[in-house]
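Here's the structure, in structure tokens; my notes come after.
The values are calculated or read from the model by the stated rules, or taken from the named source; none is laboratory data. Nothing here was measured: the structure is a model prediction, and the numbers come from that model. With ideal geometry, Cβ positions are generated from the backbone for all residues, glycine too; neighbour counts draw on all protein chains shown. SASA here: full protein model, heavy atoms, side chains in, ligands and nucleic acids out. Shrake-Rupley method; radii C 1.70, N 1.55, O 1.52, S 1.80 Å.
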Amino acid sequence: MGVADPAGPVLDRDEVDRALARLAAEHEAIETSLLALQDHAGRRLLEGAELTGTTRDRWTAAEASITLLWAYFDAYAATLRTAREIRARRRWSSRDDLVELTGLLRGEAVTMAGSATAAAHVPALTDPGRLSQSFTLAGLVDRMNELYASSLDMVVAADAVWSALPARIDLLSAELQRTRKLAHSVGVRPGEHPAGDDLERITRTLTRLREEVVSDPLAYWVAATGSSAPGGGRPDTTVYDREARALEDVRREIDAVLTVRQDAEARLIKLRDVLSRADRTLAEARTARGEVLAKIAASEVPVVSGPPTALQEQLVTAAEYRRQAQWHRLSPLLESLEQKAEDELLRARDSLTAVTAPLAVRAELRGRLDAYKAKVARHGLAEDPLLVERYDAARRMLWSAPCDLRVAEDAVLRYQRAAAEQLAVPRVPEQGGPQDRGGSGRP
């Protein structure tokens with residue numbers, strides 16, 4: 001071989017020895033990395049798996065890259081071995097030896113035959129139009145690093161997904177099976193309760209998800225933005241997380257049904273008590289309405305409705321659900337009945353208040369009349385003829401039946417005005433009599 005001009009100046013013996021030492025270290029590091037890739041659990045799984053989709057396409061390219069990588073490594077090792085043999089010919093290498101070593105170590109001394117398979121699967125790294133390609137050792141190392149990084153990235157990503165998702169899916173599936181048994185025990189079944197339908201949907205989704213993760217793990221890989229390190233990213237757990245939340249919602253629903261099973265009898269007893277109080281209040285309102293119609297004249301008294309038969313029928317249905325252990329149906333029915341029962345009790349109380357309002361007005365007028373009479377008596381006007389007359393008139397109206405509240409209220413007002421006028425007149429106390437020290441302010 002002549003002077004290697006493309007390789008630059010001829011290396012001296014020390015430079016050759018340093019270059020050989022560096023290349024030997026690189027050779028050992030590359031070999032270690034290749035063997036680690038060869039033994040990587042993810043690569044072994046990829047070799048034996050029935051792949052689909054993105055993972056199948058990328059693994060086909062990765063296999064071609066790994067094959068090409070080993071071919072490059074063999075060529076690199078062969079060139080390094082040749083350089084070592086030349087250096088070992090004599091202790092002090094000749095000028096010709098140094099020229100040849102310079103060409104091997106710095107020139108494009110490594111020639112690789114073109115590979116149609118590699119070109120088909122690694123178009124970015126090969127030139128399919130060339131029958132052969134020449135590299136320097138440094139250039140070959142760079143090319144091997146590129147192939148190694150892309151292959152390792154694919155293997156690590158697939159292995160990360162396989163290590164994370166199938167195990168988590170299996171755990172969630174086991175929890176799903178326990179939940180289905182519990183749901184079945186309380187009557188939560190598909191077609192009969194929404195939670196049962198949700199359990200079926202979650203089961204189908206998890207089954208499909210596991211199949212897809214096993215056959216196409218890279219479809220569930222999110223690469224890290226801006227990361228150049230092999231395997232930079234994380235498994236995509238979006239579907240898994242959504243189904244885990246859905247299963248938790250179903251568990252809460254079943255827990256609510258279980259709670260119903262535990263305290264159903266107490267809730268039914270309370271419901272019967274509330275509806276019974278509502279019925280008694282309505283009965284009292286109907287009785288009070290008859291009394292008002294008999295005792296109060298010229299007053300509009302609202303009609304009192306009867307007991308709610310629909311609620312009683314629903315209460316019977318709830319008791320039947322409990323007897324048949326149909327807890328999934330009893331749960332929503334009890335919640336609805338409890339609210340309706342409270343509303344019915346409030347309605348009954350409002351009816352009683354509305355019906356007895358005239359009696360309350362009459363009682364208020366009676367109390368006001370007696371209060372003014374007591375006040376007049378304290379001021380020594382109990383025998384005043386005008387006040388006696390107006391008091392008796394108001395009293396007859398308030399204690400007669402039927403009582404006309406409008407007329408009675410006018411009579412009470414006339415008595416109040418008369419009493420106020422009498423109390424406002426200054427009075428001279430009788431000789432030796434007690435002086436009135438009571439207030440004389442108007443009401």
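How about the stretch 222-316: which GluC sites (Glu not before Pro) there are in a DSSP loop, with at most 10 other Cβ atoms within 10 Å of their Cβ?
Passing both the DSSP loop test and the Cβ count: GLU300.
Of the heavy-atom accessible surface of the chain (probe 1.4 angstrom), what whole percent is carbon and sulfur?
Carbon and sulfur atoms account for 51 percent of the accessible area of the chain.
Restricting to Cα pairs below 8 Å that are 6+ residues apart, what does the relative contact order work out to for the chain? Please round to a whole percent.
Relative CO of the chain lands at 13 percent.
Between ALA41 and ARG81, what is the FRET efficiency for a Förster distance of 30 Å, r being their Cβ-Cβ separation, to the nearest 0.05?
About 0.40, to the nearest 0.05.
State the extension gain, in nm to one decimal, for the chain segment bounded by ARG204 and THR287, taking 0.36 nm per residue of separation less the distance between their alpha-carbons.
Between ARG204 and THR287, full extension yields an extra 23.6 nm.
Compute, for the chain, the length of the dipole vector about the Cα centre, with Cβ point charges of +1 (Lys, Arg) and -1 (Asp, Glu) only. Units Debye, rounded to 20.
2260
How big is D, in µm² s⁻¹, for the stretch 150-203 by Stokes-Einstein at 37 °C and 0.692 mPa s if Rh is the Kirkwood radius over C-alpha pairs?
Once the numbers are plugged in, D ends up at 251 µm²/s.
Rg and Dmax of the stretch 158-258, Cα atoms, in Å?
16.2, 54
Can you match mean projected area of the Cα convex hull in nm² to one of these, (1) 48.2; (2) 21.7; (3) 23.7, based on a calculation from the structure here?
Read-out from the structure maps to (1).
Extent of the stretch 250-338 along each principal axis, from alpha carbon coordinates, in Å, largest to smallest?
62, 22, 18
Tell me the per residue accessible area of the stretch 133-275 using a 1.4 Å probe; a whole number in Å² is fine.
48
If the viscosity is 1.002 mPa s and the temperature 20 °C, what translational diffusion coefficient in µm²/s does Stokes-Einstein give for the stretch 1-114 when Rh comes from Kirkwood over Cα pairs?
For these conditions, the coefficient is 130 µm²/s.
Just want the answer: with Cβ charges of +1 for Lys and Arg and -1 for Asp and Glu, which residue in TYR372, SER185, ALA246 is farthest toward the dipole's positive end in the chain?
Final value for the positive-end residue is TYR372.
So if each residue of separation counts as 0.36 nm, and I subtract the Cα-Cα distance between ARG280 and ALA138, what length gain in nm does that give?
The span from ARG280 to ALA138 would gain 41.1 nm if fully extended.
When the convex hull of the C-alpha atoms of the stretch 270-387 is computed, what volume per residue in Å³ does it have?
Output value, Cα hull per residue: 116 Å³.
Out of LEU365, LEU45, LEU345, any idea which swings most in a Gaussian network model of the chain, alpha carbons joined below 10 Å?
LEU365
At GLN262 and ASP57, where each label point lies 7 Å from the Cα along Cα→Cβ, what is the point-to-point distance in nanometres?
5.4
Given LEU352, GLN339, ALA61, which one lies farthest toward the positive end of the charge dipole of the chain, if we put +1 on the Cβ of every Lys and Arg and -1 on the Cβ of every Asp and Glu?
It is LEU352.
Which one, LEU218, ALA411, THR136, is farthest towards the positive end of the dipole of the chain when Lys and Arg carry +1 and Asp and Glu -1 on their Cβ?
Result: ALA411.
If I model a spin label as a point 7 Å beyond the Cα along the Cα-Cβ vector, how far apart are those points for GLU313 and GLU192 in nm?
2.4
Which value results for Rg/Rh of the stretch 358-398 when Rg is the Cα radius of gyration and Rh the Kirkwood radius based on the inverse mean 1/r?
Dividing the radius of gyration by the Kirkwood radius yields 1.02.
Suppose the chain between ARG414 and GLU175 were pulled fully straight at 0.36 nm per residue; how much longer would it get relative to their current alpha carbon spacing?
In short, 77.8 nm is gained.
Would you please give the residues with an amide H less than 5 Å from that of ALA297, counting only those at least 5 places away or on a separate chain, with H modeled from the backbone geometry?
It is CYS403, ASP404, LEU405, by chain and number.
Using a 1.4 Å probe and counting only protein heavy atoms, arrange ILE66, ILE269 so the residue with the most accessible area comes first.
My answer, sorted largest first, is ILE269, ILE66.
Within straight cross-link reach of LYS340, meaning Cα distance under 18 Å, which lysines are found once same-chain residues fewer than 8 apart are removed?
List returned: LYS270.
Hey, quick one: spin label on GLU364, modelled 7 Å out along Cα-Cβ, who in the stretch 398-412 has an amide N within reach, i.e. under 16 Å?
What the label zone holds, given the 16 Å backbone N cut-off, is 405-412.
Give the aspartates and glutamates reachable from LYS295 as a straight Cα distance under 12 Å; neighbours fewer than 8 places away on the same chain don't count.
Result set, ordered by chain and number: ASP404.
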